[in-house]
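Chemist: First the structure, then my questions, so here it is.
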Amino acid sequence: MTEEDFKFDEEDELSLLETLDHVLDLGLVIAGEITISVAHIDLIYVGLNVLLGSVDTIEETIGKRMKELESPKAESPTSKVIDSKSQV
Amino acid sequence: MNLYAYCLSDEMARAAGAGVGGAEVREFECGGVWVLVSEFAGERVGVTRENLLAHNRVVGDVLARTTPLPFRFGTLTSETRLRNYVETNRVSLLQSLGRVRGCVEMSVKILWNAGEVRRAAEETARAASGAGVEGSGAAYLLAKRRALAESEDLRVRAGEIASRLAETLGETVREARVRVRPEEALVVRAAHLVERARLDDYRARVHAARAKLREAEGRGEGLRFLTSGVWPPYSFTDVSA
């Protein structure tokens, strides 16, 4: 990990991880409008320290969603599945 | 066809490049708020390098000229729902845009050697609680006391790191979102809202804070720093939808 000021570079893995850390975890949310699929799990787990927040968020969201799907209550019309297995 | 939402602003903002999936980015106005979107064929957005970078490029392009409120990656919606969202939340969106105007987000992450720090805290707790206790009940209580002391020691040390960082940065930071997790390797995670005009001063102070913390470092903390920015104000978009 660099000790110098971070310079964003699209080819650099750390840049990508920092981007992930910001864009997956934070920002404006319209209820029920986020629908992502995690195609490259290995990418997300590179640099675990940097990405704890995002991984937590994904796991928490997937966990909640799984509980909802297991419960007999009907799915809310605006909610969508966060699919961790598609596009592999 | 869904719309992919990137960011919104109270100034007309255009992005030059292509958006997620190579789609053309366009903007529409809704009650004084401009929203940047592109068409998206599909029901979910893949977390891929291309998509992440496309999202980042579009929002970053706007950030180069003004400070927008970014949507979270993967926001798929329709123009009708977006308009409803903006109309419903217009007041708080404009307040948030006012709050971040002229600013950018900067990030400081501090990692420590959690294993070493914990071992040092255990030693401190052991020394403080004494030894030579007889009987299983007393030993149990002693172990509990040590665990509490160890946890408190970690909490205090992590808090000191966060405080020293905040003190050194001082008024260069307009707002901060700081998470302190003493039990984790990523012990301090700070997002700072910084006025563009103060960025040089802020960067100089981050360097100073790093030097100070390194100097004061003890007991194998092994502090490491990752500073990054500029970012759109992802951590300062507190709008309840």
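Chemist: Being over 22 Å from B:ASN89 (Cα atoms) and at pLDDT below 90 is the filter here; which residues of segment B:15-32 pass it?
Modeler: Correct list: B:ALA15, B:ALA16, B:GLY17.
Chemist: If you scan segment B:65-87, which residues turn out to be of a type outside the set (A, V, I, L, M, F, W, C), at pLDDT 95 or above and part of a strand (DSSP E or B)?
Modeler: B:PRO70
Chemist: Are any residues in segment B:74-88 within 8 Å of another protein chain (Cβ to nearest Cβ) and in contact with a strand residue (DSSP E or B) (Cβ under 7 Å, 6 or more places away or on another chain), and if so, which ones? Break it down stepwise before answering.
Modeler: Our first condition is that a residue be within 8 Å of another protein chain (Cβ to nearest Cβ); within segment B:74-88, this holds for B:74-77, B:81-82, B:85.
Scanning segment B:74-88 gives B:GLY74, B:THR75, B:LEU76, B:THR77, B:LEU82.
Chemist: With B:VAL62, B:VAL91, B:VAL58, B:VAL117 as the choices, which residue is within 25 Å of B:PHE225 (Cβ to Cβ), more than 10 Å from chain A (Cβ to nearest Cβ), β-branched (Val, Ile, Thr) and in a helix (DSSP H, G or I)?
Modeler: B:VAL117
Chemist: Scan segment B:94-114 for residues that are within 11 Å of chain A (Cβ to nearest Cβ) and either at positive phi or among the polar types (S, T, N, Q) (or both) and jot them down.
Modeler: B:SER96, B:SER107
Chemist: If you don't mind, there's one more thing I want to ask. Out of (1) surrounded by 15 or more Cβ atoms within 10 Å (Cβ to Cβ); (2) in contact with a helix residue (DSSP H, G or I) (Cβ under 7 Å, 6 or more places away or on another chain); (3) modelled with pLDDT under 90, the odd one out for B:LEU193 is which?
Modeler: (3)
Chemist: Applying the selection to segment B:62-87, what residues are in contact (Cβ under 8 Å) with a residue 40 or more places away in the chain and surrounded by fewer than 19 Cβ atoms within 10 Å (Cβ to Cβ)?
Modeler: Residues satisfying the conditions are B:ARG65, B:THR66, B:SER78, B:GLU79, B:ARG83, B:GLU87.
Chemist: Checking the structure you have, find out if any residue of segment B:200-212 is at pLDDT below 90 and within 22 Å of B:ASP153 (Cβ to Cβ).
Modeler: yes
Chemist: Next question. Taking the condition of being surrounded by 22 or more Cβ atoms within 10 Å (Cβ to Cβ) and either more than 11 Å from every other protein chain (Cβ to nearest Cβ) or assigned to a loop (DSSP other than H, G, I, E, B) (or both), how many residues in segment B:39-55 meet it?
Modeler: Adding up the residues that qualify gives 1.
Chemist: For segment B:21-37, name all the residues that are crowded, with 22+ Cβ neighbours inside 10 Å and touching a Gly at 6+ places or on another chain (Cβ under 9 Å).
Modeler: Correct list: B:VAL25, B:LEU36, B:VAL37.
The values are calculated or read from the model by the stated rules, or taken from the named source; none is laboratory data. No experiment lies behind these values; they were computed from the predicted model shown. Cβ atoms come from the backbone with ideal geometry, glycine included; neighbour counts cover every protein chain shown.
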